[in-house]
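The values are calculated or read from the model by the stated rules, or taken from the named source; none is laboratory data. Since we're looking at a predicted model, the values are computed, not measured. Methodologically, a virtual Cβ is constructed for each residue, glycine included, from the backbone with ideal geometry; neighbour enumeration extends over all protein chains shown. Only protein heavy atoms, including side chains, enter the accessible area calculation; ligands, DNA and RNA are left aside. Shrake-Rupley method; radii C 1.70, N 1.55, O 1.52, S 1.80 Å.
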Amino acid sequence: PNIDFNILAGNSLTGLMRVDDKEFERQHQADLFRKSYRQVLDEKNRLLGTYRHATTYAEDLSSLRDSIASQKGEAISTLNELLLDEFSHLGIKYEQTTWDEKKHTEGKSVKRTLKIADIEALKPFHWGFEFDEILNQHGGFDAIITNPPWEIFKPNSKEFFETYSDLVTKKKMRVEDFEQEQSKLLKDPDIRKAWLEYLSGYPHMSTFFRSAKQYENQISMVEGKKAGTDINLYKLFTEQCFNLLRPGGYCGIVIPSGIYTDLGSKQLREMLFTQSSITGLFCIENRQEVFEGVHR
């Protein structure tokens, strides 16, 4: 079977869940030969259907594949513009990390308006466009099976610098040794530039995850106060799975026990127990080291 358009890659936490037809067409208003969003979708789905049901591979099939990729590329360009508008409506700014030459360390961030290049760098996955028939006509997916990352969404200096130094790849490294190696590496202008760009990639996304409607259950209120918590990717994926399922759809997801023990997961628990049915909740001990890198 051909998998060219069946396995799709992208940032599954960032992208348009639904596409506003009028907003899509507004972005195209300067184009005299513009098509409606419905026409774009119908053409994409027709071409994909032809491609998937082809029984032989030939030059015309290769040409059809290129046509689909080209058409999707044009549409995604407009969808990225709409996503930029969504970020702007939420009041999100890009925060560029600067370098303090005197202190030889990171300086204050400088805020600026988000650009389309910032959105493109996220490699957003527009679910509403890629799976419009499933989400709009079917109401969502029948089933989702996933083992999402269990990482806090924030810069990881060790993870970044191990790309540039064999010393940092050691699992056991004294803090003093790491800081010394980091200072040495940051003297290289190219590494320093990459580090500042890496740091700058987090603030606007953190704000998005804390303010976007689709992630409204990430922040918990306990006795009238917000429960202070880091943004954890497994929590975002849990809510995103809920967003993508149709009524009656099933999700099997491997996540940490924090989903039922952490104060910061309270709002997610309320979502799961009041808006869905929990068919099974299994706690797995890792004594057999089924999961590498996770404490026994």
Original post:
Name the pairs: first residue in the stretch 261-290 and of a type in the set (S, T, N, Q), second residue surrounded by 12 or more Cβ atoms within 10 Å (Cβ to Cβ), Cβ to Cβ under 6 Å, at least 6 apart or on different chains?
Top reply: Ser265/Gly258; Ser265/Ile259; Gln267/Asn217; Gln267/Ser220
Original post:
Of the conditions (1) surrounded by 17 or more Cβ atoms within 10 Å (Cβ to Cβ); (2) part of a helix (DSSP H, G or I); (3) without any contact (Cβ under 8 Å) to a residue 60 or more places away in the chain, Arg210 fails just one. Which one is it?
Top reply: (1)
Original post:
Which fully enclosed helices (runs of 4 or more DSSP H) of the stretch 66-183 have 1 or more residues being closer than 23 Å to Leu8 by Cβ?
Top reply: 116-121, 127-130
Original post:
Do we have any residue at all in the stretch 113-124 that's touching a residue at least 60 places away in the same chain (Cβ under 8 Å), closer than 30 Å to Leu41 by Cα and open to solvent by 50 Å² or more (accessible area, probe 1.4 Å)?
Top reply: yes
Subject >> Qualifying residue in the stretch 240-247 (condition: part of a loop (DSSP other than H, G, I, E, B) and surrounded by fewer than 18 Cβ atoms within 10 Å (Cβ to Cβ)) >> reply: no
Original post:
Is it the case that the stretch 7-18 has a residue that's surrounded by 12 or more Cβ atoms within 10 Å (Cβ to Cβ), at pLDDT below 85 and not hydrophobic (A, V, I, L, M, F, W, C)?
Top reply: no
Original post:
Here are some conditions: (1) more than 25 Å from Tyr215 (Cα to Cα); (2) touching a residue at least 12 places away in the same chain (Cβ under 8 Å); (3) surrounded by 13 or more Cβ atoms within 10 Å (Cβ to Cβ). Glu151 meets all but one. Which one does it not meet?
Top reply: (1)
Subject >> Residue among Phe273, Phe208 that alone is in contact with a Phe, Trp or Tyr (Cβ under 9 Å, 6 or more places away or on another chain) and within 28 Å of Phe141 (Cα to Cα) >> reply: Phe208
Subject >> Residue identified as touching a residue at least 40 places away in the same chain (Cβ under 8 Å), farther than 30 Å from Asp188 by Cβ, hydrophobic (A, V, I, L, M, F, W, C) and loosely packed, with under 14 Cβ neighbours inside 10 Å among Ile145, Ile92, Ile68 >> reply: Ile145
Original post:
For the subset of the stretch 266-295 comprising residues that are polar (S, T, N, Q) and assigned to a loop (DSSP other than H, G, I, E, B), which member is least open to solvent (accessible area, probe 1.4 Å)?
Top reply: Asn286
